[in-house]
Amino acid sequence: NYDLSCRDGFACNDDTLAHKIYTGGLLFNAIGLELDYVHMGKVDISGGRARAHGIGLTAVGNLPIDQINLFAKVGTTYGWTRTQNLPAGSGAQGRENGFGFRWGLGAQYNITDSVGVRAEWERIDFAFRSGRESVDLVSVGAVWRF
């Protein structure tokens with residue numbers, strides 16, 4: 001879900017499908033690091049389109065409870081954005097990149113010692129030509145530990 005403002009008179013669709021792939025590890029099953037690539041998809045905004053993707057690094061705090069892990073994360077993402085096909089005079093069209101703050105919460109259910117399922121919510125700040133904007137990501141995925 002993109003949090004971009006929409007100009008009057010234009011339809012906007014700020015929800016889209018996204019994907020991410022990550023790797024990481026835990027120290028003492030409590031504190032860890034994750035490195036990921038996230039592509040936030042494309043959305044229709046003010047008669048044009050916007051997209052964002054980036055590489056992130058987060059510190060993860062993990063609370064294991066039997067087969068469930070609750071976690072919180074905080075870190076940064078170096079993101080690339082592009083806004084195009086906006087009406088003339090909008091001034092917010094083009095590419096932008098840079099670091100942005102990110103944080104999130106989630107839970108993981110460990111089916112076995114090696115396999116789990118995970119659900120999480122993250123908020124990632126990206127630099128767009130119009131300024132800094134938040135993009136929310138809700139994800140469900142599989143975990144394979146080795």
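The values are calculated or read from the model by the stated rules, or taken from the named source; none is laboratory data. Every value quoted in this text rests on a predicted model; they were computed, and no experiment measured them. Cβ sites come from the backbone with ideal geometry, for glycine too, and all protein chains shown count toward neighbours. Please note that ligands, DNA and RNA were not included when accessible areas were found on the heavy atoms of the full protein model with its side chains. Shrake-Rupley method; radii C 1.70, N 1.55, O 1.52, S 1.80 Å.
Miscellaneous remarks
- Only one residue of Gly61, Thr83, Trp144 has its Cα farthest out toward the positive end of the dipole of region 57-146, where Lys and Arg carry +1 and Asp and Glu -1 on Cβ, and that residue is Thr83.
- Using only side-chain charges placed at the Cβ, +1 for Lys and Arg and -1 for Asp and Glu, the dipole size of region 41-146 relative to its Cα centre rounds to 420 debye.
- Potential extension, Phe99-Val117 segment - 0.36 nm per residue separation minus Cα distance: 3.6 nm
- Phi to ³J(HN,Hα) by Karplus 6.51 cos²θ - 1.76 cosθ + 1.60 over region 127-133, Hz, x for Gly, Pro: 8, 9, 4, 7, x, 6, 9
- 3J(HN,Hα) along region 71-81: 9, 10, 9, 8, x, 9, 9, 8, x, 10, 10 Hz, from the Karplus curve 6.51 cos²θ - 1.76 cosθ + 1.60 with θ = phi - 60°, whole Hz, x for Gly and Pro.
- Accessible surface calculations at 1.4 Å, restricted to protein heavy atoms, place region 22-83 at 50 Å² per residue.
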